[in-house]
1. Would you tally the residues in region 195-206 being part of a strand (DSSP E or B) and out of contact with any helix residue (DSSP H, G or I) (no Cβ under 8 Å at 6 or more places or on another chain)?
2. Determine which single condition residue 190 fails, assuming it passes every other condition in (1) buried (at least 17 other Cβ atoms within 10 Å of the Cβ); (2) outside any loop (DSSP other than H, G, I, E, B).
3. Evaluate region 78-92: report whether one residue or more is touching a helix residue (DSSP H, G or I) at 6+ places or on another chain (Cβ under 9 Å), touching a residue at least 60 places away in the same chain (Cβ under 8 Å) and more than 22 Å from residue 219 (Cβ to Cβ).
4. Do we find a residue being at pLDDT 95 or above and either over 30 Å from residue 93 (Cβ atoms) or touching a helix residue (DSSP H, G or I) at 6+ places or on another chain (Cβ under 6 Å) (or both) anywhere in region 54-67?
5. Check 133, 121 and return the single one that is in a strand (DSSP E or B), closer than 15 Å to residue 209 by Cβ and in contact (Cβ under 8 Å) with a residue 40 or more places away in the chain.
6. From the list 48, 40, which one is at pLDDT 95 or above, surrounded by 13 or more Cβ atoms within 10 Å (Cβ to Cβ) and under 14 Å from the mean Cα position of the chain (by Cα)?
7. Based on what the data block shows, is residue 231 in contact (Cβ under 8 Å) with a residue 24 or more places away in the chain, surrounded by fewer than 16 Cβ atoms within 10 Å (Cβ to Cβ) and touching a strand residue (DSSP E or B) at 6+ places or on another chain (Cβ under 9 Å)?
């Protein structure tokens, strides 16, 4: 996988983000930029906090969710103690999802190790910047990670038929100054975060983007998946404006762990079904 210089920059940017989060909107950060139609201008390159595990907090920049007796403030040692007792349900798992989560081992074949698309949620969770491009009909997310993109149209309803895809189909609308992006139509092959929390093809995401000032966007995501979770759950975080361009990303040319056999090749479900 590609890390190196960009990963070091991401860590630095994470620290910058943490510092920005302690500030309330004020003149130092500048007023919210607006388009000619009066809507907030979200365009720019943004650095998200790295979120390898959506059930834990990472400072002020990422507020996770966990079910009692778990807490998003758990240390790694606390989580290890729970696991030693056979407790793994840090999310409101259905039996199907808990079984999937209990068996998951990334080294045994995670799709990202084979350079398949990360999926929408895992792309937002990655420690790499992304660019937002916006006009009056569309908003586009240009992810540095593997140079993927996701174009969202402004609409009130989804198409009648959704072809299942890695990133799903999204539609957007404005609620005041907040951009709301709803997504469904996932193929169910991806995972939500690096540690591998599962979802199914019934996943529905609702993301909100609120520009706080010239340098920050407040972000929320709500996960609804009746096959995987018994109730909705949510994350909150803040994106910081990134003063730099997106870089070229190639998973294939740097995927030494796959070549050396430390991780196994992922077998797509459609191949497994033919066996």
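1. Of the residues in that region, 2 qualify.
2. Here residue 190 clears every test but (2).
3. No: zero hits.
4. no
5. Just a single option satisfies the conditions, and that option is 133.
6. 48
7. yes
Let's see how each residue does on (1) in contact with a helix residue (DSSP H, G or I) (Cβ under 6 Å, 6 or more places away or on another chain); (2) more than 23 Å from residue 112 (Cα to Cα):
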{"residue": "217", "(1), (2)": "no, yes"}
{"residue": "221", "(1), (2)": "no, no"}
{"residue": "225", "(1), (2)": "no, no"}
{"residue": "239", "(1), (2)": "no, yes"}
{"residue": "250", "(1), (2)": "no, no"}
{"residue": "257", "(1), (2)": "no, no"}
{"residue": "260", "(1), (2)": "no, no"}
{"residue": "265", "(1), (2)": "yes, no"}
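The values are calculated or read from the model by the stated rules, or taken from the named source; none is laboratory data. Here the structure is a predicted model, which means the values were calculated and not measured. Every residue, glycine among them, receives a Cβ derived from its backbone with ideal geometry; neighbour counts consider all protein chains shown.
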